[in-house]
Amino acid sequence: MNHTPLHTRPKVFFKTFGCRTNIYDTQVMIENLKDFDLTNDENDADIVVINSCTVTNGADSSVRAYATKQDSAGKKVFLVGCGAFSEGEKLFNKNRLFGVLGHSEKENINELLFSKTPFFKIGDLNFIDKTIVSSYEGKCKAYIKIQEGCNFNCSYCIIPSVRGHSRSQEEKKILEQIENLANNGYGEFVLTGTNVGSYGKDKKSSLGNLLKNISKIRGVRRVRLGSVEPVQIDDNFREILKESWLEKHLHIALQHTNESMLKIMRRRNSVKSDLQLFCELEELGYALGSDFIVGHPGETDAIWKDSREKLKEFPLTHLHAFCFSPRKGTHSATLKQEVNGVVAKQRLKELVSIVEEKNINFRNKNSVSLEVLIEEKKGNFYTGYDQFYNRVFITSKEDITKKWVTIKNYEIKKEGNYGVF
């Protein structure tokens with residue numbers, strides 16, 4: 001007797017590259033997947049959906065390699081995300097992809113995966129998501145996209161041209177999502193977007209107002225923010241800086257600490273006011289992270305030395321730094337490349353070393369109890385991040401995965417804090 005089911009639903013695997021916004025966008029697609037089964041094993045999948053990143057040339061090549069590999073393995077491959085704009089057409093024309101979806105098409109994922117013929121639907125850059133996200137597969141914190149796009153015009157950045165102008169999600173929809181997720185047991189919320197600090201500018205509101213309203217929702221224990229620009233920390237935002245539910249870590253995008261480099265990069269911040277802001281936040285007990293691009297055209301030896309010495313004055317604890325690589329379609333890509341790769345890598349190493357030392361000094365100085373949401377168990381340790389966004393490694397006789405724990409005594413090491421629960 002044949003026991004084969006009459007109808008088996010195709011299995012879909014989502015591969016997410018890039019930022020927290022993409023993690024959210026993948027979840028939006030999962031929520032709209034009605035007639036397919038989700039699998040966490042790409043080998044088991046009939047269909048692979050690649051949610052791509054295009055922030056650097058390296059990101060593009062990772063997407064190309066992955067798409068080619070899945071196509072060669074006989075999978076039906078679909079491309080969505082920022083890379084759909086930069087790589088989609090080339091890969092589609094090479095028959096590496098069955099379908100290409102722009103951001104505005106991702107909520108139609110269920111219908112599009114049924115397509116019998118290959119398609120290229122890049123959509124528009126004016127949309128805002130309608131989907132209410134209610135859970136996150138395998139994650140103990142929830143990502144909430146509060147806005148889309150960016151109105152800045154930094155010389156090195158391709159993102160405004162693949163995400164569009166800045167537009168905010170309706171506050172009511174954001175609060176509804178957080179309420180749903182809080183009712184489903186989530187206590188930590190990460191607010192994400194292309195440029196989160198611009199939230200509300202188009203709605204006569206602000207990020208500060210939104211945060212105040214989020215804090216009133218029962219079950220919200222901690223709110224983390226994506227990267228904000230120095231000029232976006234206004235008086236309204238300052239009003240919430242002492243609130244216990246706001247993570248004691250802010251990531252504020254500097255990109256450089258030399259005035260002439262900021263002009264070349266077409267940035268809106270200035271070194272003097274940036275330093276004042278960072279010192280003000282340090283006084284309030286904040287751990288502070290930033291982005292920094294090394295080796296951008298115009299970064300002479302003298303400029304580099306000046307920026308390195310200035311950086312030492314900043315109370316930084318975390319750094320997301322990388323070497324400049326020309327991004328086709330940006331103003332910076334048209335400028336003469338003066339810093340060779342070896343020099344740029346050496347400069348990067350110096351920066352990382354300076355900030356690593358600052359991080360350890362911060363942890364030694366701020367030896368307070370750590371509030372940790374345990375994300376997973378790795379080897380003998382349960383791990384998660386504390387309120388300062390430092391990794392904590394904990395040994396415990398009981399299973400504390402996905403639980404909140406308070407660690408009072410801990411040992412400070414380079415890679416994180418070690419404690420017992």
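Observations on the model:
- Within the stretch 272-309, the set of residues being out of contact with any helix residue (DSSP H, G or I) (no Cβ under 8 Å at 6 or more places or on another chain), under 17 Å from Q346 (Cβ atoms) and either of a type in the set (D, E) or not assigned by TED's automatic domain parsing to the domain that holds N359 (or both) comprises D301, D306, E309.
- Flag if G285 is modelled with pLDDT of 95 or more and in a loop (DSSP other than H, G, I, E, B): yes
- Residue under evaluation I50, criteria (1) in contact (Cβ under 8 Å) with a residue 40 or more places away in the chain; (2) outside any helix (DSSP H, G or I), criterion not met: (1)
- L38 closer than 26 Å to L181 by Cβ and either touching a helix residue (DSSP H, G or I) at 6+ places or on another chain (Cβ under 9 Å) or of a type in the set (S, T, Y) (or both): yes
- Checking every residue in the stretch 360-370 against the condition of being in contact with a Ser or Thr (Cβ under 7 Å, 6 or more places away or on another chain), in a helix (DSSP H, G or I) and closer than 30 Å to V55 by Cβ gives at least one match.
- Among the candidates E350, E338, the residue that is in a loop (DSSP other than H, G, I, E, B) and either closer than 19 Å to A253 by Cα or not hydroxyl-bearing (S, T, Y) (or both) is uniquely E338.
- Pick from the stretch 124-178, criterion among the polar types (S, T, N, Q) and within 19 Å of I30 (Cα to Cα), ranking: modelled with the highest pLDDT: Q177
- Only one entry of K408, K378, K402, K349 meets the criterion of being within 23 Å of the chain's Cα centre (by Cα), exposed (fewer than 14 other Cβ atoms within 10 Å of the Cβ) and either assigned by TED's automatic domain parsing to the domain that holds T257 or in contact (Cβ under 8 Å) with a residue 24 or more places away in the chain (or both), and that entry is K349.
- Any chance L38 is in contact (Cβ under 8 Å) with a residue 40 or more places away in the chain, among the hydrophobic types (A, V, I, L, M, F, W, C) and crowded, with 21+ Cβ neighbours inside 10 Å: no
- Lone qualifier among V162, V133, V63 - being in contact with a Gly (Cβ under 8 Å, 6 or more places away or on another chain) and in contact (Cβ under 8 Å) with a residue 24 or more places away in the chain: V63
- Qualifying residue in the stretch 77-90 (condition: hydroxyl-bearing (S, T, Y) and surrounded by fewer than 20 Cβ atoms within 10 Å (Cβ to Cβ)): no
- Positions within the stretch 102-140 being outside any loop (DSSP other than H, G, I, E, B) and exposed (fewer than 13 other Cβ atoms within 10 Å of the Cβ), in sequence order: E111
The values are calculated or read from the model by the stated rules, or taken from the named source; none is laboratory data. Keep in mind that what you see is a predicted model, and the values were worked out from it rather than measured. All Cβ positions, even for glycine, are placed from backbone atoms using ideal geometry, and neighbour counts span all protein chains on display.
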